[in-house]
Every structure is written in structure tokens, then in C-alpha cells.
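Have a look at the structure below, then the notes.
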Amino acid sequence: MFPNSESTASLFTRLHTSLSCRLAAVYEGKKVTTLAGWSVGHLGPAYSLAVNPEKTAQINTIVLYDPGSYANFFERRPWEDAPCDLKYDQSQLYADWLGKNKDNRLIILAGEDTKDRNIWGEGGTHEGIQQALFPKIRTSDQLSSQVPVCNYDDMKHRDVLANCMSVMTAGPQPACPTTPVQPDTVWHP
């Protein structure tokens with residue numbers, strides 16, 4: 001927990017439960033150093049960086065729990081006019097934020113949904129995060145080194161959150177968290 005702050009779990013819940021393109025989180029009087037999002041909640045940290053740029057200096061860790069497939073990032077959902085993911089250039093937002101401090105970390109915990117199997121149902125291309133999050137980050141070795149992608153490719157979507165919840169309160173981490181299922185690989189964009 002952070003002194004004089006909303007609990008990380010509470011903030012996580014508020015960021016995750018918003019299914020619109022509007023940010024619901026409020027920072028007044030709170031020191032928030034970690035942002036996290038699970039599933040479609042991966043949008044919360046990006047929205048926060050976009051609409052609260054004055055607060056980004058205090059954020060040192062962003063954790064995305066199984067953020068999703070290419071379809072999750074780019075295909076229109078029936079209840080939306082356009083995918084929320086396309087409203088902001090997440091790759092640029094994260095690259096700018098990472099560039100502000102070499103100790104900032106964007107931790108991606110890639111489970112079954114993020115794996116993005118190829119058209120034959122094999123392998124894991126991670127095409128969603130490759131196309132939506134990494135283009136601007138890949139332009140710099142320094143930025144790329146600040147983004148560990150932990151491949152828990154065979155871990156169920158809900159289990160990624162359940163098994164790795166402690167990452168939100170642990171602060172910057174040099175490696176992937178220990179879980180019942182270890183990551184296949186750890187890579188950087």
C-alpha cells in the first residue's frame with residue numbers, strides 16, 4: 001500500500017470496470033505509483049497517461065494482465081462506435097512515459113488471450129500487443145529494455161490475474177513473478 005493513497009486494488013477495480021473511453025479514476029490527494037489493467041481494463045493505464053499527464057511523473061510501474069489479442073485491440077465491438085483502443089495511440093503514450101524515467105517499467109503478463117495463435121491455431125504471435133503497444137517502444141533499445149513481456153501463454157485468462165495479483169503492490173520488478181505456471185519465455189519488444 002502507499003501512504004495516504006487509495007488501495008491499489010480499489011484503483012485497479014475502478015480502472016477495470018469502466019467500459020467506455022472516459023477515465024473514471026480520480027487522483028486528488030493520493031500518491032499513486034502503480035497502474036494496472038486486466039483484460040479490457042488494459043485501457044485504464046493508457047487513458048490515465050493521456051488525460052492526467054501531470055500525474056505521470058509519480059507513476060513508476062504499469063502492469064497489464066493478459067491485455068488481449070489482436071481482435072481485442074483492433075476489432076469493433078457491437079456496442080461501440082469504434083474500438084476504444086483506437087482513440088489514443090497507446091504505443092506513443094507508453095513510449096513517452098517510459099522515456100521520462102529509465103526506471104519506469106511496463107510489465108506485460110501475457111496469458112492465453114494475449115498469445116494470439118496464428119491462423120492454423122498454433123504458436124503465439126502476440127500480434128495485438130505487437131501492433132498496439134510496441135511500435136514506438138521498439139524504436140529504442142532503452143525503452144524496449146524497460147518492458148518485460150512474461151509469456152504465461154498456457155495460463156488461463158483469469159488465472160493470470162489471480163496468480164500475479166501481487167505484482168501491483170511489489171513495485172518495479174527485474175523479472176517475471178513466480179507462479180504455479182512459470183513463463184515460457186521473457187522477452188522485450
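The values are calculated or read from the model by the stated rules, or taken from the named source; none is laboratory data. Predicted model only: the values in this text are computed from it and were never measured. Note that each Cβ is placed from the backbone with ideal geometry, even for glycine, and that neighbours are counted across all protein chains shown.
Answer with yes or no whether Q173 is within 28 Å of Y88 (Cβ to Cβ), of a type outside the set (G, A, S) and modelled with pLDDT of 80 or more. For Q173, the condition - within 28 Å of Y88 (Cβ to Cβ), of a type outside the set (G, A, S) and modelled with pLDDT of 80 or more - is not met. Restricting the first member to segment 121-140 and to residues that are farther than 14 Å from H42 by Cβ, and the second to residues that are modelled with pLDDT under 90 and charged (D, E, K, R), the beta-carbon pairs closer than 6 Å and six or more apart or on different chains are G124/K115; G124/D153; T125/D116; E127/D116. The helices (runs of 4 or more DSSP H) located wholly in segment 49-155 that include 1 or more residues which are buried (at least 21 other Cβ atoms within 10 Å of the Cβ), of a type in the set (S, T, Y) and at pLDDT 90 or above occupy 90-99. Restricting segment 27-36 to residues that are surrounded by fewer than 22 Cβ atoms within 10 Å (Cβ to Cβ) and not charged (D, E, K, R) leaves a set whose member that is farthest from V147 (Cα to Cα) is G29.
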